1. So what is Rg over Rh here for segment A:2-76, counting just Cα atoms and using Kirkwood for Rh?
2. Where in segment A:36-73 is the amide nitrogen less than 11 Å from a point lying 7 Å along the Cα-to-Cβ axis of residue A:3?
3. Given the rule -39500 (n - 2.57) for each run of at least 4 DSSP H residues, summed and divided by the residues of chain B, what is its mean residue ellipticity at 222 nm, to the nearest 500 deg cm²/dmol?
4. Calculate how large, on average over all directions, the projected area of the Cα convex hull of segment B:45-146 is; give the answer in nm² to one decimal.
5. Write down the radius of gyration of segment B:1-83 and its Dmax, each obtained from C-alpha positions, in Å.
6. Under a plain spin-label model, where a point goes 7 Å from the Cα along Cα-to-Cβ, how far apart in nm are residue B:8 and residue B:21?
7. Kindly provide the helix-only [θ] at 222 nm of chain A, computed as the sum of -39,500 (n - 2.57) over DSSP H runs of four or more divided by all residues, to the nearest 500 deg cm²/dmol?
8. Starting from the alpha-carbon convex hull of segment A:1-41, give the projected area averaged over all orientations, in nm².
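Every number in this text was worked out from the coordinates using simple rules, so none of it is lab data. This is a predicted model, so every value here is computed, not measured. We place every Cβ from the backbone using ideal geometry, glycine too, and count neighbours over all the protein chains shown.
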């Protein structure tokens with residue numbers, strides 16, 4: 001079971017800030033593929049991965065990262081702090 | 001080193017005074033304060049979202065990086081989230097060092113990394129509606145100089 005979090009417009013497009021997902025996905029990219037196939041709102045949110053960033057257990061990573069042993073995955077647009 | 005991620009307003013003058021008092025004989029203190037701009041189209045407010053937990057860790061890691069590159073007596077990062085009106089302070093950084101070059105460069109480094117590597121997202125609320133602020137290529141490119 002993985003806790004999946006969404007921020008900013010990713011959260012708005014999917015409609016929820018977080019959810020628990022039971023998945024066999026090996027990598028972040030596999031998880032994205034699985035989510036895309038679920039419903040249109042996911043397909044819309046994950047339409048262009050170049051516009052997205054991903055963090056695993058609160059560390060920035062990339063879409064090829066493995067999910068084994070991971071507790072938390074977060075998807076969000078490029079950050080705009082400062 | 002102090003990192004504060006907090007929705008509350010802060011007084012940059014009071015923060016800077018308190019910070020300066022605690023830096024011992026560091027000869028240089030540099031500070032930067034970010035303010036909500038009033039953009040064309042009439043900005044009424046800004047909403048800042050963040051990733052609780054990751055935000056604090058990411059900022060602490062950025063400060064650690066700065067401390068490994070420059071000799072710093074102390075560093076301060078304050079970043080707000082939630083709803084902010086035009087003219088309100090969004091964030092501030094302060095650095096203290098024996099010499100000004102270290103303090104200036106570390107402050108710029110902190111600012112560059114906070115912009116693109118700390119998980120905050122800004123949404124501008126104007127008369128025309130609400131819009132997420134897009135990350136700019138220049139901000140990403142700014143990291144290359146370090």
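1. Working: Rg = 10.9 Å, Rh = 12.1 Å.
Rg/Rh for segment A:2-76 comes to 0.91.
2. A:57-58, A:71-73
3. Numbers: 4 runs with 50 residues, N = 146.
Only helices count here, giving -10500 deg cm²/dmol.
4. Details: hull surface 28.1 nm².
Value for segment B:45-146: 7.0 nm².
5. Reported Rg and Dmax, both Å: 14.9, 47.
6. 1.6
7. Values: 3 runs with 22 residues, N = 82.
Helices in chain A give a 222 nm mean residue ellipticity of -7000 deg cm²/dmol.
8. Details: hull surface 11.2 nm².
Mean orientational projected area (segment A:1-41, Cα hull): 2.8 nm².
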